[in-house]
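Worksheet: the structure to be examined is printed underneath.
Readers should treat all values here as calculations from the given coordinates under stated rules, not as data from a laboratory. These figures come from a predicted structure and were not determined experimentally. Cβ placement follows ideal geometry from the backbone for every residue including glycine, while neighbour counts extend to all protein chains displayed.
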There are 2 protein chains.
Amino acid sequence: MKHILVKDLYRKTEEYADKQVTVGGWIRTVRSSKTFGFIELNDGSFFKNVQIVFEDTLENYQEISKLNVGSAIIVEGTIVKTPEAKQPFEIKASAITVEGTSTPDYPLQKKRHSFEFLRTIAHLRPRTNTFSAVFRVRSLAAYAIHQFFQERGFVYVHTPIITGSDAEGAGEMFRVSTLDLNNLPKDQDGKVDFSKDFFGRETNLTVSGQLSVETYAMAFRNVYTFGPTFRAENSNTARHAAEFWMIEPEMAFADLNDDMELAEEMLKYIIQFVMDNAPEEMEFFNNFIDQTLFERLVNIVNSDFGHITYTEAIELLKKVNHQFEYPVEWGSDLQTEHERYLTEKIFNKPVFVTDYPKDIKAFYMRQNDDGKTVAAMDLLVPGVGEIIGGSQREERLDVLENRIKELNMKEEDYWWYLDTRRYGGTKHAGFGLGFERAIMYMTGMSNIRDVISFPRTVKNAEF
Amino acid sequence: MKHILVKDLYRKTEEYADKQVTVGGWIRTVRSSKTFGFIELNDGSFFKNVQIVFEDTLENYQEISKLNVGSAIIVEGTIVKTPEAKQPFEIKASAITVEGTSTPDYPLQKKRHSFEFLRTIAHLRPRTNTFSAVFRVRSLAAYAIHQFFQERGFVYVHTPIITGSDAEGAGEMFRVSTLDLNNLPKDQDGKVDFSKDFFGRETNLTVSGQLSVETYAMAFRNVYTFGPTFRAENSNTARHAAEFWMIEPEMAFADLNDDMELAEEMLKYIIQFVMDNAPEEMEFFNNFIDQTLFERLVNIVNSDFGHITYTEAIELLKKVNHQFEYPVEWGSDLQTEHERYLTEKIFNKPVFVTDYPKDIKAFYMRQNDDGKTVAAMDLLVPGVGEIIGGSQREERLDVLENRIKELNMKEEDYWWYLDTRRYGGTKHAGFGLGFERAIMYMTGMSNIRDVISFPRTVKNAEF
């Protein structure tokens, strides 16, 4: 008989009441007396378990009673509504088949495990409540992002992961190579000869798809990337991973205001989608991980985000009666403490800070008429600080070329990027959202290692 | 005034008739006489251009008349229905603003360009009809895949790109490293000391997410990955790229029949979705790229896929009156010519070939009771041959361990993979679909370089 998913049993209990069903899943707990027992079974389709009642009329009653936590079983039985009990229904088993046993040393015995410990069994942790919730939310959020952009006609572009240029200029990179390290080809000067490498040149893992996707915005108008990006930063913090996913939309014929509008709409959309589609998981997070979660998320969905320029923000922060660790100074980047003060104390809602000094922002951002600032925006949210960073891009060929020279970058590395300004360049803008940071924000999980299936960090690439 | 997308003008022409609109886009052609002119404008939102009529009443009439192909403009004007003409409507311009000029040496002048040439300007080619169609279809197909799996409750898992094991055993890999190649750390034996590398060990780019995602199937029951994978194969063919995207679903409590059912449903779903959502693009492909396309795709959507075992297929192929280049022999892998003969001549529809000899298939495939074959399946489709490969997985710990030993693989590399068989293992199955191969199949494009935005192949990582 075809298995029924536990999710369907919960969502359509009336329909299944008193019916005969078959479910397959994994035992979370089993308790039994001489004549009857209870199993909490999770089948992976739903956050909650289903309770199985079994009696000694089963011919394998003894075997079932002694099953270890983690065992996989298939249960045939009848759905019995239990209006008096904690759970709305249970399954009265008429037959239970053992699909795969477990052992007494199964690491996920019913007790509290630290997140640190669970990281060492990353292949098993999605079987726990917390990580089942995290990774279902992650999946739904990814889908929400695609749905948001596709509904608006944005074209999804798979920008390259292996990049031939180190032109993205956003941090340290990982080299990709097939050269035999114990027998490296050398050129006449004794340097490694990358012309012998797989791609005939030195290649790295991408740190951003933005420059590539800009070229597609000049064809499709509205586009986005959503893929893995990499930073070889030696930062062993709770917020840094060497491998993470990023969403980068880009719009032609759009300015900084359009950009902020899109970011605000997108963030609200993802949050609402996850709240609507994973209510049990979100309630779990709100109860057990971060009790301010709902308040925070509802505040985001319901507020009109604030707007302030960097220069105004600096003036405000200078005036407040608060001792910051880092000095507040025009020309320096805002630190997390400054960002959080702005969004939590001054605005008490998400706020866009715009028009940063050009010297602390990337070369491709559009210069404002003051000659000192660029049309950049960072979105700051309560509890975190920056969650999205974007800008209008410099579409004026001469201004962009000057900036590349000023920064001593190699213009020849950017021939194709500059072409988009030579041939029908338009005003355009985009932003980047770090996917894991968004998941942390939506779940209350505080370590990036706990929202990535198999995290890659300094000195760690296990599994 | 806010821009109207050309797609909306085509889809809701009645609604916009005689209305004042603003559109922004890029000039595909411009023709003009002394008193009036026509512009074919494409705004990226839609495959088709919109025709702009402009007259010498415009104060910048001369400037507009002389614009080069590729220029970006913003047009204000009125929608005029043209029931007599080729196109259903045009825009009578009341004002045209130049957003970004182009030059006479713009590489995409109105003439036929070879695909080879267009690969050298991969940053501009999405502005052509062919590549605009390819990359919109690619985007829609990606979305269709997410929609298909999410509607069925499958959890999307981002399996790692950087992998610490070379345990996937599916071909040559790219090394990922931050070691300084001109100053490599060595151990006592003079070998490269990877403990000094970023991850403290040797790491590579993944060739498949399957082993990782299997662990998630044991938690969520139904899961899928969809991400980039890498092969450092020195194959300079029209069907091989070093970087490509792959879809890999995995289902617990599922056997080979469930697996084939899912593959058939998925393939039909993607094709139908793209035909429904990109009718203009698909018609273009059918007219200009491959005139058998619609016939082929409709045949897939409407047929019940065939089923045959490898052993039966060998017997059939031996009997047919056809001279194959490669011998037909039990124990050898089917060559493309064999596959195509089976699906095109014998079945004339897609066909699953199952139960291949174990020695030509991967270690993780489930052994059949005959001791010689495994519960594998390849889906063959007319025009191509194999497009999907999958199997039921070996869930029996002892059988799997024996196979690992037989093949002289290192059991310790698989501790976490084997754990899924130790703790509540279940019957399970999955498959892999190469995304680019699917796009080639759905568009008729014959070179994989022409369905990847910036392709990475042997000796080529430009852009």
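FRET efficiency for the pair B:Trp330 and A:Met1, taken as 1/(1 + (r/R0)^6) with r the Cβ-Cβ distance and R0 = 25 Å, rounds to 0.10.
Computed over Cα pairs, the Kirkwood radius of the range A:29-92 leads via Stokes-Einstein (1.002 mPa s, 20 °C) to a diffusion coefficient of 174 µm² per second. Computed from label points 7 Å out along Cα-Cβ, the spacing between A:Glu233 and A:Val53 is 5.6 nm. For the residue pairs A:Lys319/A:Lys349; B:Lys196/B:Lys361; B:Lys19/B:Lys111; A:Lys86/A:Lys111; B:Lys81/B:Lys111; B:Lys86/B:Lys110, alpha carbon separations beyond 26 Å are given by B:Lys196/B:Lys361; B:Lys19/B:Lys111; B:Lys81/B:Lys111. In chain A, helices alone account for a calculated mean residue ellipticity at 222 nm of -8500 deg cm²/dmol, with every DSSP H run of four or more residues adding -39,500 (n - 2.57). Between B:Asn321 and B:Arg11, the modelled label-to-label distance comes to 5.4 nm, taking each label 7 Å out from Cα in the direction of the beta carbon. Put simply, when A:216-229, B:402-415, A:392-405, A:42-55 are sorted by average Cβ atoms within 10 angstrom per residue, most first, you get A:216-229, A:42-55, A:392-405, B:402-415.
Computed over the protein assembly as shown, the convex hull of the alpha-carbon atoms projects to a mean area of 44.4 nm².
With the convex hull drawn over the C-alpha atoms of the range A:372-423, the volume per residue is 112 Å³. Remark: the Cα gyration tensor places the range A:242-325 in the oblate category, a/c being 1.5 or greater and a/b not exceeding b/c. Under 1.5 on a/c is rounded, so check that first for the range A:193-300, then, if it is not, pick prolate when a/b is larger than b/c and oblate when it is not; a ≥ b ≥ c are the square roots of the alpha carbon gyration tensor eigenvalues. Oblate shape, in that a/c is at least 1.5 and b/c is the bigger or equal ratio. Taking R0 as 51 Å, what's the FRET efficiency between A:Ile346 and A:Thr82 from their Cβ-Cβ distance, rounded to 0.05? Efficiency, from the Cβ-Cβ distance: 0.50. Across the alpha-carbon set of chain B, the Rg to Rh ratio works out to 1.06, Rh being the Kirkwood radius. Each residue, B:Lys92 and A:Ser94, gets one label point 7 Å from its Cα in the Cβ direction; the gap between the two is 7.6 nm.
FRET efficiency for the pair B:Asp180 and A:Arg396, taken as 1/(1 + (r/R0)^6) with r the Cβ-Cβ distance and R0 = 56 Å, rounds to 0.90. Please name whichever of B:Tyr224, A:Val80, A:Ile300 sits farthest to the positive end of the charge dipole of the protein assembly as shown, dipole taken about the Cα centre and charges placed at Cβ: Lys and Arg +1, Asp and Glu -1. It is A:Val80. Using the Cβ of A:Glu90 as centre and a radius below 13 Å, the other residues enclosed give a net charge of 0, where K and R count +1 and D and E count -1. Put simply, the amide H of A:Thr29, placed in the peptide plane, has neighbours under 5 Å in A:Glu40, leaving out anything fewer than 5 places away on its chain. In loop segments of the range B:294-376 as defined by DSSP, the GluC sites (Glu not before Pro) with at most 11 further C-beta atoms inside 10 Å of their C-beta are B:Glu325, B:Glu329.
Apply the a/c threshold of 1.5 to the C-alpha gyration tensor of the range A:177-246 and tell me whether it is rounded, prolate or oblate. Cα axes put the range A:177-246 in the oblate bin. Net charge of the neighbourhood of B:Glu261, taken over other residues with C-beta under 12 Å away and scored Lys/Arg +1, Asp/Glu -1, is -3. Amide H contacts under 5 Å for B:Thr309: B:Thr354, restricted to partners 5 or more places along the chain or on a different chain, H placed in the peptide plane at 1.01 Å from N. Stretching the chain fully between B:Lys459 and B:Asn302 yields a gain of 52.3 nm (0.36 nm per residue, less the alpha carbon separation).
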